[in-house]
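Engineer: What follows is a structure written as structure tokens; I'll ask about it next.
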Amino acid sequence: MVGRTVRISPRAVRVTAAALGAALLLAACGSTKDTGASPGSGGKDGEGGRVGVILPLLTSPFWQSYNDYVPKMAKSQGVDALKTVNSNSDSSQQITDINNQLNQGVAGLVVAPLDSAAVSAGLDQAERKGVPVVAVDVAPEEGKVAMVVRANNVAYGQKACAFLGGQVKSGKVVQVMGDLASVNGRERSEAFRSCVKKKYPDLKVLEIPAKWESDTAASKLDTLLNANPDIKGIYLQAGGVYLAPTLQTLKSKGMLKKAGTKGHISIVSNDGIPQEFDAIRKGQIDVTVSQPADAYAEYGMHYIKAAMAGKTFKPGPTDHGSKIVKLPNGLLEDQLPAPLVTRKNVDDSDLWGNTVE
């Protein structure tokens with residue numbers, strides 16, 4: 001929840017120290033702006049300034065955790081970050097929030113877009129004012145950003161497909177989809193759908209478009225289960241908003257069976273929040289993909305600081321275990337690791353979901 005005490009994992013501390021050390025080495029060498037700079041390096045030292053941080057929503061434990069990490073990671077990166085602004089799941093409000101931050105004279109923006117297309121209006125305004133932007137979690141379809149900080153969302157859908165395909169040999173499985181106005185929702189949905197069709201043809205995929213809304217997910221899942229009581233597997237594209245209503249819906253119908261027992265519905269989630277880890281330990285769900293809330297905050301701050309100093313990047317491996325790729329629209333994306341969490345590794349202290357107290 002907002003205001004929870006959060007401690008930074010040892011992994012994050014090690015990575016941050018490495019990044020800061022690299023930055024100091026570049027400064028000592030008197031580096032200058034270089035459009036061919038290697039990933040995570042290059043550019044000249046510029047003056048700082050306040051950074052505006054735009055959140056998409058705060059109704060999900062995932063975004064609550066990201067919100068808690070922002071000031072801590074800003075401090076560790078030497079960034080002066082404004083208090084975060086919550087766009088409350090409203091893409092038009094998000095554009096207003098961006099413009100408000102620009103009017104306050106911010107030197108940089110870190111934005112988690114709600115709508116991949118609509119956010120371009122805010123990005124264009126930032127570009128006109130000469131303010132660099134880093135996008136977190138969602139890649140814009142158009143507009144200029146210095147970097148997209150994100151995990152591979154296609155891999156999310158593929159991992160969910162591989163797990164359910166291995167558990168459920170035939171029958172019906174459900175994917176509770178995100179907002180299809182977001183590239184995240186589209187990529188996860190299409191990756192899961194395509195993988196099942198190609199590798200597990202004996203599975204039938206039923207889909208629930210839920211737009212990252214818990215009430216919508218609960219209502220549509222209830223209706224679907226009434227018509228299809230023989231569901232064998234569920235893929236939740238966002239555990240932060242879908243986990244609780246899914247478990248409650250299954251429980252109300254007497255369909256929430258412990259993993260390993262007869263009648264258990266195999267469930268794959270996506271986020272890596274503490275609530276998912278507890279559900280794995282209890283046998284309520286099977287696995288989740290840990291979307292790195294801590295690293296999103298850390299590298300959002302890392303890249304906006306670099307962008308404000310005039311630094312640029314190019315595709316290739318980074319010094320923090322990820323890879324920068326060039327997207328079809330020309331933007332660069334740092335694809336951060338997002339491990340699969342099972343009963344075997346759910347207690348790993350390096351997982352950010354185990355560092356939230």
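The values are calculated or read from the model by the stated rules, or taken from the named source; none is laboratory data. None of the values given here were measured: they were computed from a predicted structure. Every residue, glycine among them, receives a Cβ derived from its backbone with ideal geometry; neighbour counts consider all protein chains shown. Side chains are part of the model used for accessible areas, which takes the heavy atoms of the whole protein and leaves out ligands, DNA and RNA. Shrake-Rupley method; radii C 1.70, N 1.55, O 1.52, S 1.80 Å.
Engineer: Across segment 62-77, in residue order, what do the Karplus-derived ³J(HN,Hα) couplings come to in whole Hz, using 6.51 cos²θ - 1.76 cosθ + 1.60 with θ = phi - 60° and x for Gly and Pro?
Structural biologist: 4, 6, 5, 5, 4, 4, 5, 6, 3, x, 5, 6, 4, 5, 5, 8
Engineer: Another one. Between ASP348 and ASN103, what FRET efficiency comes out of the Förster formula 1/(1 + (r/R0)^6) with R0 = 45 Å and r the beta carbon distance, rounded to 0.05? Don't skip to the answer; put the middle values down first.
Structural biologist: Details: r = 44 Å, r/R0 = 0.97.
Efficiency, from the Cβ-Cβ distance: 0.55.
Engineer: Now a separate question. Can you list the residues, at least 5 places off or on another chain, whose amide H is less than 5 Å from the amide H of VAL341, using H built in the peptide plane?
Structural biologist: THR288, VAL289, SER290
Engineer: MET147's amide H: which non-local residues (gap 5+, or another chain) put their own amide H closer than 5 Å, with H modeled 1.01 Å from N in plane and none for Pro or chain starts?
Structural biologist: So MET147 has HN proximity to ALA135.
Engineer: Between the alpha-carbon centers of segment 105-141 and segment 161-176, tell me the distance in whole angstrom.
Structural biologist: 37
Engineer: Can you tell me how much longer the chain between SER219 and ASP202 gets when fully stretched, taken as 0.36 nm per residue apart minus their C-alpha distance, in nm with one decimal?
Structural biologist: 3.4 nm
Engineer: Convert each backbone phi in segment 99-112 into a coupling constant with the Karplus relation 6.51 cos²θ - 1.76 cosθ + 1.60 (shift: θ = phi - 60°), then list the ³J(HN,Hα) values in order as whole Hz, x for Gly and Pro.
Structural biologist: 5, 4, 5, 4, 5, 7, x, 5, 8, x, 10, 10, 10, 9
Engineer: Where both partners of a DSSP beta bridge lie in segment 187-325, what percent of those bridges are antiparallel, to the nearest 5?
Structural biologist: Counting DSSP beta bridges with both partners in segment 187-325, the antiparallel share is about 20 percent.
Engineer: Oh, and also: Looking only at GLY166, GLY283, GLY185, which one moves most when the chain is put into a Gaussian network model with springs between Cα atoms under 10 Å?
Structural biologist: Ranking GLY166, GLY283, GLY185 by mean-square fluctuation puts GLY166 first.
Engineer: Let me ask something else. Return one number: the angle in degrees, 0 to 90 and rounded to the nearest 10, between the long axis of the Cα atoms of helix 214-227 and the longest principal axis of the Cα atoms of the chain.
Structural biologist: Around 30 degrees separate the two axes.
Engineer: Here's a follow-up. Would you calculate, for the chain, the mean residue ellipticity at 222 nm contributed by helices, counting each DSSP H stretch of 4 or more residues as -39,500 (n - 2.57) and dividing by all residues, to the nearest 500?
Structural biologist: -13000 deg cm²/dmol
Engineer: Determine how large the accessible area of MET73 is when every protein chain is in place; take a 1.4 Å probe and give Å² rounded to the nearest 10.
Structural biologist: 0
Engineer: Show me, for segment 150-155, the HN-Hα J-couplings you get by feeding each phi into the Karplus relation (A = 6.51, B = -1.76, C = 1.60, θ = phi - 60°), rounded to Hz, glycine and proline as x.
Structural biologist: 6, 9, 7, 6, 4, 5
Engineer: List every residue whose amide H lies under 5 Å from the amide H of LEU55, counting only residues 5 or more places away in sequence or on a different chain, with H placed 1.01 Å from N in the peptide plane.
Structural biologist: For LEU55, the qualifying residues are VAL85, ASN86, SER87.
Engineer: Moving to a separate point now. Could you tell me how many degrees, from 0 to 90 and to the nearest 10, lie between the Cα long axis of helix 293-308 and the main elongation axis, the longest principal axis, of the Cα atoms of the chain?
Structural biologist: 20
Engineer: In whole Å, how far is the Cα centre of segment 271-325 from that of segment 244-262?
Structural biologist: 30
Engineer: Given a 1.4 Å probe and every protein chain left where it sits, what share in percent of the accessible area of the chain is carbon and sulfur? Show your work: numbers first, answer last.
Structural biologist: Working: 7630 of 14850 Å².
Carbon-and-sulfur percentage of accessible area, whole number: 51.
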